[in-house]
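For reference, the structure discussed in these notes is given below.
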Amino acid sequence: MKELTAIELARRVLHLIVSLFILLCVTFVIGRVLPADPVGAIVGELADPAAYEAMRVRLGLDLPLYQQFFIYLKGLFQGDFGQAILTGNSVASDMLQAFPATFELATLAIIISAVVGVPLGLAAALFRDSFIDKFARVVALVGHSIPVFWFGIVGLVIFYATLNWVGGPGRIDVFYEGMVEPVTGMLLVDSLLVGETEIFWNALSHIILPAAILAYMAMAYITRMTRSFTLEQLSQDYVIAARAKGAGPARTVAHHVLPNIAVQLITVLAISYGNLLEGAVVTEIVFSWPGIGQYMTNALMIGDMNAVLAATIIVGFVFMLLNFIADISYAVLDPRTREVAR
Amino acid sequence: MKHFSKGLIAGAAAIVLGFAAPSVNAATPDDQLVIGTSLAQVLSLDPQQATEAKAIEIMSNLYDRLVKTDRSRKILPQLAESWEIDDKGITFHLREATFASGNPVTADDVVYSLARLLKMDQAAAANFKRIGYKADNVDKLVRAVDPKTVRIDLSGETTAELLLYRLAMNVASVVDSIEVKNHVENNDYGNAWLRTNSAGSGPFTLKRWTPNEMVILEANADYVGGAPHMRRVIVRHVPESQVERLMLERGDIDVASALSAADLKTFESQQGFEVQRVPTGGFYVLSMNAGNEYLANPKVREAIAYSIDYKGIEQTIMGPYGRVRNVPVPEDYEYAVPNPDWHFDAAKAKALLAEAGYPDGFSLTLKTIAQTPRIDLATAIQGSLGQVGIKIDIQQGNGSDIIADHRARNFDLLIPQTGAYMPNVLGSMEQFSSNPDNSKEANNAGNFVWRSAWDIPELTALTAKASLEPDAKKRGELYVEMQQKFVELKPAVLPLFERFEPIVVNARVKDYVGHPNQLTRLEGVTKTSD
């Protein structure tokens with residue numbers, strides 16, 4: 001890790017921008033060469049050639065690829081992602097609607113996975129080769145290898161259809177629909193803002209299962225990483241010394257291990273967070289969750305490339321941004337880097 | 001580290017609270033109907049634009065038409081109280097109805113709506129254009145006699161009966177012209193606005209539409225037939241069949257469509273649910289590209305017709321979705337001819353291939369949308385064609401790319417599906433029997449037969465003749481001749497199965513009756529308490 005100077009910071013920002021631009025180019029080209037037919041999707045299967053051609057021109061699809069790209073880029077700088085075929089709205093306003101739903105889901109998921117995964121990883125390392133360690137390893141392995149799709153269906157069968165513990169697919173029960181005006185777009189927050197606790201509980205009962213399932217995927221990774229970070233610390237002289245002086249496991253963890261692995265953990269959490277936003281795609285379909293993943297999938301199905309591009313760019317941007325923040329926080333927080341910086 | 005442990009406690013508290021939350025009562029309220037389906041293809045709720053089945057189902061409740069058809073396929077009055085037919089056209093007398101806005105429904109609204117359909121000239125207009133109603137003659141042919149009387153002249157390419165059936169279609173919905181004109185931008189006939197709003201005289205109004213999430217309809221208390229029993233109708237987007245099944249079982253939704261065959265099966269034996277098999281008059285079809293050197297040969301097409309195990313597929317794959325039928329007219333329609341003797345006969349198919357000059361067979365690709373039941377259908381066809389020496393390579397894709405290939409004649413074999421716009425031979429067969437110009441330059445991608453490059457001048461002429469024949473008996477004879485000719489030509493658009501739309505309805509719901517053209521009306525639907 002290099003020291004964090006202004007030049008270094010600028011270099012990283014530049015790096016972020018270049019990555020984003022490459023993402024944009026690749027997505028754009030793939031989107032335009034795909035054999036999808038957005039024109040057909042708009043004018044309908046039976047439209048005559050003249051109406052078809054007129055729509056093609058209106059969408060600018062008759063222009064050479066580089067010109068289309070240039071026009072798209074120009075719009076992008078003005079905050080204009082184009083119009084979505086899927087909804088007829090501007091893609092930007094669609095994003096403002098879909099993103100909070102995904103954000104809410106992924107945020108709750110990362111909280112759950114951190115709250116469960118970090119202690120589990122710590123315990124596994126402290127009591128190495130014990131029952132709890134084996135348990136943690138099995139949990140992590142299962143979470144890593146079974147598809148979200150399957151977990152989602154099984155979760156619904158058990159907790160929703162059989163036990164009746166949680167609400168079903170969707171963000172809220174239908175008869176509450178339209179009762180809370182969106183402020184942040186996050187139902188849990190919005191319902192509390194207007195003091196509708198009943199709706200809050202209902203929304204919570206709907207989000208808890210998809211969030212827990214998403215969290216499980218991330219938790220597997222977090223548990224494994226926490227365990228290995230902790231093991232590394234436990235073999236350090238200072239920890240051995242502390243334990244020799246009679247520090248119990250709790251004290252060892254709280255005073256010695258956690259502070260030293262905190263920065264690494266932040267990186268892991270940031271990466272997981274990014275993965276969650278991405279992994280939400282499948283979860284959203286299973287749970288009929290009206291977020292960015294479902295929006296993107298549907299857009300892809302009808303060849304609505306403006307919508308796909310925007311969703312890809314936003315998810316990609318958040319992903320890169322999280323990595324960037326993790327990177328910077330590493331440099332800022334790690335005591336060893338700070339030492340060098342002085 | 002203090003922050004960290006605080007977050008830890010807060011997070012843990014949130015989880016505990018989550019599980020302690022009062023469990024929700026799932027049953028839907030008695031005055032709201034909740035329908036679960038896939039809304040993925042709903043792109044517009046403008047009746048003069050959208051032609052997708054799910055969109056039609058919603059719009060049929062927002063708007064009224066001059067006339068309607070019921071499940072028994074009779075033409076009945078809706079906005080028109082009565083009408084007189086003469087040699088030159090039809091005169092309609094409107095009933096006293098109002099739009100949801102409060103404006104009265106007048107002849108001007110009817111004229112505006114039909115002109116709007118043809119002048120916007122989207123796919124929705126195809127059915128009227130086919131019988132000679134165009135943007136440049138609609139103002140002459142459709143006019144208001146007085147505020148409550150509309151006169152529609154025949155175009156010269158249709159009979160009054162065929163016109164009436166078209167007027168019962170969703171595309172002929174009557175919109176509130178005053179309201180729509182208030183929302184016109186750049187000469188778009190109010191299209192941008194009407195895509196997401198409603199301006200009709202139907203039993204419901206559009207309260208909210210969030211694409212791929214839900215559509216909420218609200219009862220129109222001033223509906224001419226009286227306020228509907230349901231206060232709200234909610235159509236929820238549930239793309240996953242298994243999830244939809246769970247929601248139906250739990251009572252979170254009342255009606256489910258778009259279920260997979262396997263999930264449908266579980267409801268057949270389950271108490272408290274009714275499975276409806278709604279006939280569409282349409283077909284699952286095997287399109288063969290007659291531009292392909294092998295498929296251009298009628299002998300090869302006949303060999304293929306003898307290479308498919310229709311009965312076996314019907315039993316194992318189609319289930320509630322289809323019934324064997326190789327003539328593009330449902331067998332219970334008037335003047336429908338019996339099925340030709342096409343059945344799985346490997347020896348006969350091989351002999352036909354040898355006669356055609358291909359004793360060793362050949363290879364073809366088969367394109368299909370990856371969707372129930374079409375994908376399983378493709379696999380079954382691959383298997384049985386393999387037995388007669390035709391090697392099939394299946395290529396699956398999503399709706400837009402497969403349709404694009406179909407439009408561009410870029411396929412060997414492809415599995416599309418059709419629907420019938422009216423319940424008679426012409427209504428379901430026309431798409432299979434008319435191709436006025438087969439040349440590549442005609443680029444007539446809107447024509448189903450053109451897409452298969454199947455040149456059928458005689459059959460096209462017969463179809464046009466039948467469309468113009470005013471005498472019902474003579475028309476019936478032409479209908480029979482059309483079907484016989486179709487079979488004789490060894491069709492490049494081979495109907496495989498008559499298509500049904502299966503839906504499952506919770507027994508609490510009364511009087512929900514699926515309509516053959518998706519024009520299912522909901523004003524009469526009631527619900528009993530649990």
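Observations on the model:
- Flag if residue B:126 is within 22 Å of residue B:46 (Cβ to Cβ), assigned to a helix (DSSP H, G or I) and either touching a residue at least 60 places away in the same chain (Cβ under 8 Å) or under 28 Å from the mean Cα position of the chain (by Cα) (or both): yes
- Within region B:255-265, considering residues that are outside any loop (DSSP other than H, G, I, E, B) and open to solvent by 40 Å² or more (accessible area, probe 1.4 Å), the one nearest to residue B:38 (Cα to Cα): B:262
- Among the residues of region B:214-239, the one identified as in contact with a helix residue (DSSP H, G or I) (Cβ under 9 Å, 6 or more places away or on another chain), surrounded by fewer than 23 Cβ atoms within 10 Å (Cβ to Cβ) and in a loop (DSSP other than H, G, I, E, B) is B:239.
- Enumeration of residues in region B:196-209 that are part of a strand (DSSP E or B) and open to solvent by less than 10 Å² (accessible area, probe 1.4 Å): B:204
- Meets criteria (under 19 Å from the mean Cα position of the chain (by Cα) and open to solvent by 50 Å² or more (accessible area, probe 1.4 Å)) for residue A:103: yes
- Inter-residue pairs, beta-carbon under 8 Å, first on the phi < 0 side of the Ramachandran plot and within 11 Å of chain B (Cβ to nearest Cβ) and in region A:193-215, second of a type in the set (D, E, K, R) and open to solvent by less than 40 Å² (accessible area, probe 1.4 Å), 6+ apart: A:202/A:173; A:203/A:171; A:206/A:171; A:206/A:173; A:207/A:104; A:207/A:171
- Pairing residues of region B:103-121 that are in contact (Cβ under 8 Å) with a residue 24 or more places away in the chain and over 14 Å from residue B:179 (Cα atoms) with residues that are open to solvent by less than 30 Å² (accessible area, probe 1.4 Å) and part of a loop (DSSP other than H, G, I, E, B), at Cβ distances under 6 Å and at least 6 apart in sequence or on separate chains, gives B:117/B:48; B:120/B:48.
- Filter result (among the aliphatic types (A, V, I, L, M) and open to solvent by 30 Å² or more (accessible area, probe 1.4 Å)) within region B:347-366: B:347, B:351, B:354
- Under the condition of being closer than 16 Å to residue B:487 by Cβ and over 24 Å from the mean Cα position of the chain (by Cα), the residues counted in region B:437-464 number 4.
- Residue within region A:51-70 that is open to solvent by less than 40 Å² (accessible area, probe 1.4 Å) and under 17 Å from residue A:280 (Cβ atoms) present: no
- From B:121, B:46, residue being charged (D, E, K, R), under 21 Å from the mean Cα position of the chain (by Cα) and closer than 30 Å to residue B:256 by Cα: B:46
- Given (1) buried (at least 16 other Cβ atoms within 10 Å of the Cβ); (2) modelled with pLDDT of 85 or more; (3) outside the structural domain of residue A:181 (by the TED database), index of the condition residue A:43 fails: (2)
- If the condition is being open to solvent by less than 60 Å² (accessible area, probe 1.4 Å) and β-branched (Val, Ile, Thr), then region A:240-264 contributes A:252, A:253, A:257, A:261, A:263.
- If you go through region B:389-414 and pick out every residue that is surrounded by fewer than 22 Cβ atoms within 10 Å (Cβ to Cβ) and more than 10 Å from chain A (Cβ to nearest Cβ), you end up with 9.
- Failed condition for residue A:289, given (1) touching a residue at least 24 places away in the same chain (Cβ under 8 Å); (2) assigned to a helix (DSSP H, G or I): (2)
- Count of region B:58-94 residues, restricted to those that are open to solvent by 20 Å² or more (accessible area, probe 1.4 Å), among the small types (Gly, Ala, Ser) and part of a loop (DSSP other than H, G, I, E, B), is 1.
- Scanning region A:12-28 for residues that are of a type in the set (Val, Ile, Thr) and at pLDDT below 85 returns a single hit, A:27.
The values are calculated or read from the model by the stated rules, or taken from the named source; none is laboratory data. Nothing here was measured: the structure is a model prediction, and the numbers come from that model. So basically every Cβ, Gly included, is an ideal-geometry build from the backbone, and we count neighbours across all protein chains shown. When the accessible area is computed, the model is the full protein with side chains, heavy atoms only, and any ligands, DNA or RNA have been set aside. Shrake-Rupley method; radii C 1.70, N 1.55, O 1.52, S 1.80 Å.
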